[in-house]
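Input: a single structure, listed below in structure tokens.
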């Protein structure tokens with residue numbers, strides 16, 4: 001069995017597995033940037049904390065990928 005990417009639709013258009021992988025990896029990169037607080041000054045800390053919560057929720061949803069027969 002091969003694990004497929006999470007099903008993602010943007011404005012009704014379903015992404016391919018490759019496109020969904022790009023979204024997942026971009027989100028992981030963004031999470032890493034937030035974790036290291038790169039590019040944020042003192043006033044951005046609260047916003048960073050809020051984004052980290054949202055990113056964690058979306059990443060959890062993306063992690064619920066389904067197995068599919070090959």
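The values are calculated or read from the model by the stated rules, or taken from the named source; none is laboratory data. Quantities reported herein were computed from a predicted structural model and do not represent experimental measurements. Using ideal geometry, Cβ is built from the backbone for each residue, glycine included, and neighbour counts are taken over all protein chains shown.
Residue 50 passes every criterion in (1) within 17 Å of the chain's Cα centre (by Cα); (2) modelled with pLDDT of 85 or more apart from (2). Residue count for region 1-18 satisfying the condition of being in contact with a strand residue (DSSP E or B) (Cβ under 6 Å, 6 or more places away or on another chain) and either at pLDDT 90 or above or in a helix (DSSP H, G or I) (or both): 0. Scanning region 19-47 for residues being outside any loop (DSSP other than H, G, I, E, B) and at pLDDT below 80 gives a total of 6.
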